[in-house]
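Written below as structure tokens is the structure these notes are about.
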Amino acid sequence: MNETRYIIAGSLIDGLGGSAHKRALLTVRDGRIAAIGSATDCPRGEGAAVDDLSHCTLVPPLVDGSVALAHAPSLDPRAHRGEGTSGHDPLLIARHLRDCHDHGVLGLADSTAAAIPPEARGLVTLRSGGRLLRREDGTLEVAAAGDFLRIDSSGDIDADAPPLPGLDRQVLGRLLHQWPGGKRVVVANGALAVGEALAAGCDAIEQGYLMGEPNLRLMARDRVLWIPSVLRAKNGLDCASSGGSVCCRFSLRAVGPGEARPGAEASWRAMLADQLAQLRLARSLGVLVAVGTGAGSPGILHGETMVEEMKLFLRAGWSLEETLHCASEQGARFFGMDNLGALAVGRPATFLVARGMPQQLPRKLAYLEGIYIAGRPS
């Protein structure tokens, strides 16, 4: 068709980690970015298709590297034991997909192998994690194929469930090498568990609480991705300090019944401080880092809490531009989402529109002005 559209932006953060472009002009041809220049060069002739977003900041679409689509972020613990409204309920999954899309989270790495209901297809790009099965003789094997392999080797930091029994370094290495060519993510916490996952040959560490500087240095050397999920600790602290279960919503806090655990508040406070310190060190060491919220865990909402995770990156000393690089390009490249990621010449013109200046981000991403897919408003 050779259709050309010109989009004027007050600011453009391209997701490559560099400084924002001021008064930028995107030239879009057939759904892809043909050029990035200055707004002063925008054609003014009759017939030129121009979208004036000079009052807005454009950013790349967000990618959440850790979600559980089939789990409701309910405060009811039954929702995380396969009871009640949890499980693979298509209506629940469709709602979570809409929540992600409406908050600009257009790429998801899902750990629950949720199928996209027909009415929700096209909202996001989904990558499903392969899982483990236990045979009758007690040995573990890789389950049906997914887009990537996700193995929980030490248990989620905010869950009471223990890790899989019998999953030592030898078994973990065997399982990772059974995966045919895709990315291999290991959920691991503590220096020993993370060290074993790295020795076994994983491509990414999810969570990585208390893993220590030596493991971070190994990850920087070997280009192993880290998905820190800092919000899990922040949510745990909020829960412990309230004496109940806290839903981590950016402006509202829903407190549910629960008994306070002695020492839990101090423990979570130390855990959060240590994870933020590790994230700060990872930046200085050059570790590859992607954003993953753990959405679907108790109190962590799909879509909405992406902004909360990004705020924690800023708190750890990352710049806004670096944080958006982690929240878009890093996750998109790792999980093979070719239609998402940084805004560069030749790439799809898919981006988010936030009213205001970069200084108002990431808060303004919580209520977007618009979303463009392949150069057109969605």
Quiz prompt | Selection within segment 181-196 - farther than 18 Å from residue 159 by Cβ and touching a residue at least 24 places away in the same chain (Cβ under 8 Å) | solution = 182, 183, 184, 191, 196
Quiz item: Can you tell me which residues in segment 356-376 are under 22 Å from residue 123 (Cα atoms) and among the basic types (Lys, Arg)?
Solution: 364, 376
Exercise. Mind telling me which of the residues 67, 59, 28, 50 ends up being farther than 16 Å from residue 328 by Cβ, at pLDDT 95 or above and among the hydrophobic types (A, V, I, L, M, F, W, C)?
Key: 28
Practice problem: Being acidic (Asp, Glu) and not in a strand (DSSP E or B) is the filter; apply it to segment 124-147 and report the residue that is nearest to residue 103 (Cα to Cα). | Solution: 147
Self-check item: Residue that is modelled with pLDDT under 95 and not in a loop (DSSP other than H, G, I, E, B), where the choices are 280, 269
Solution: 269
Quiz prompt | Top-ranked residue of segment 306-328 - restricted to ones that are acidic (Asp, Glu) and open to solvent by 20 Å² or more (accessible area, probe 1.4 Å), ranked as nearest to residue 235 (Cα to Cα) | solution = 308
Quiz item: Can you tell me which residues in segment 302-340 are under 12 Å from the mean Cα position of the chain (by Cα) and either in a loop (DSSP other than H, G, I, E, B) or without any contact (Cβ under 8 Å) to a residue 60 or more places away in the chain (or both)?
Solution: 302, 303, 304, 305, 310, 323, 326, 335
Quiz item: Failed condition for residue 184, given (1) at pLDDT below 90; (2) among the basic types (Lys, Arg); (3) touching a Gly at 6+ places or on another chain (Cβ under 8 Å), with all others met?
Solution: (1)
Quiz item: Which residue pairs have Cβ atoms closer than 7 Å, lie 6 or more positions apart in sequence or on different chains, and pair a first residue in segment 1-27 that is free of Cβ contacts under 8 Å to residues at least 24 places away in the same chain and on the phi < 0 side of the Ramachandran plot with a second residue that is surrounded by fewer than 20 Cβ atoms within 10 Å (Cβ to Cβ) and part of a loop (DSSP other than H, G, I, E, B)?
Solution: 25/42
Quiz prompt | Which listed residue is open to solvent by 40 Å² or more (accessible area, probe 1.4 Å), of a type in the set (Asp, Glu) and within 29 Å of the chain's Cα centre (by Cα), from 30, 41 | solution = 30
Quiz item: Which residues, taken from segment 196-219, are open to solvent by less than 20 Å² (accessible area, probe 1.4 Å) and closer than 21 Å to residue 285 by Cα?
Solution: 197, 202, 204, 205, 206, 207, 208, 209, 211, 215, 216, 219
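The values are calculated or read from the model by the stated rules, or taken from the named source; none is laboratory data. Because the structure is predicted, anything quoted here is derived from the model rather than measured. In this analysis, Cβ positions are derived from the backbone assuming ideal geometry, glycine residues included, and neighbour counts consider all displayed protein chains. When the accessible area is computed, the model is the full protein with side chains, heavy atoms only, and any ligands, DNA or RNA have been set aside. Shrake-Rupley method; radii C 1.70, N 1.55, O 1.52, S 1.80 Å.
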